[in-house]
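No lab work stands behind these numbers, since they all come straight from the coordinates. Everything numeric in this text was worked out from a predicted model, so none of it was measured. Here the Cβ positions follow ideal geometry from the backbone for every residue, glycine too, while neighbour counts run over all protein chains shown.
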Amino acid sequence: MATEITLSLPDNIYNHAARLALLMNRDVSRVLTETIESVLSPLGADALALAPVEKLSDDEVLAMADLRMNEMQGRRLGALLERQQAGELVEMERSELSALMQVYHENLLRKAYALREAVQRGLRIRRLPFAPSTIQSVSR
């Protein structure tokens, strides 16, 4: 199933897609579709298949509240960010960095929703940032 849309692109983006389509011997619309798919579904993740946080068990909510990027992805993300900072990224690494950043942001969002749900269920206490005026100094 497909939904047809009309999209206005800056000329330079369209020209880049058109050159890529020519090189790949594909239709420009197919190249744009595949590009959008790769950005919205990094590393094969299907965010739409996830159950809403409200429907998860207490254990699942707590597990999601503690969600972290897997160690290998985290190390690679750190390395790519360092290379980006140094201005040393090549095009393929830019795409990989973009995908890993999306995974990171999606996980952060899931974690935030799960933390909110855990607090609402009484599974975690709400931690408020402490105000400096409430801290009492202890002198010896």
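Computed values, structure above
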| read-out | value |
| --- | --- |
| Options L100, L81, L89: the member that is in a loop (DSSP other than H, G, I, E, B), of a type outside the set (F, W, Y) and surrounded by 13 or more Cβ atoms within 10 Å (Cβ to Cβ) | L89 |
| In region 1-33, residue farthest from E91 (Cα to Cα) [restricted to those that are part of a loop (DSSP other than H, G, I, E, B) and among the hydrophobic types (A, V, I, L, M, F, W, C)] | M1 |
| Near pairs, Cβ below 6 angstrom, 6+ apart or cross-chain, from region 1-20 (within 12 Å of T35 (Cβ to Cβ)) to any residue that is surrounded by 10 or more Cβ atoms within 10 Å (Cβ to Cβ) | A17/V28; A17/V31; A17/L32; L20/V31 |
| Cross-chain or 6+ apart pairs with Cβ under 9 Å, region 73-91 first and without any contact (Cβ under 8 Å) to a residue 60 or more places away in the chain, then in a helix (DSSP H, G or I) and of a type in the set (F, W, Y) | Q73/Y104; G74/Y104; L77/Y104 |
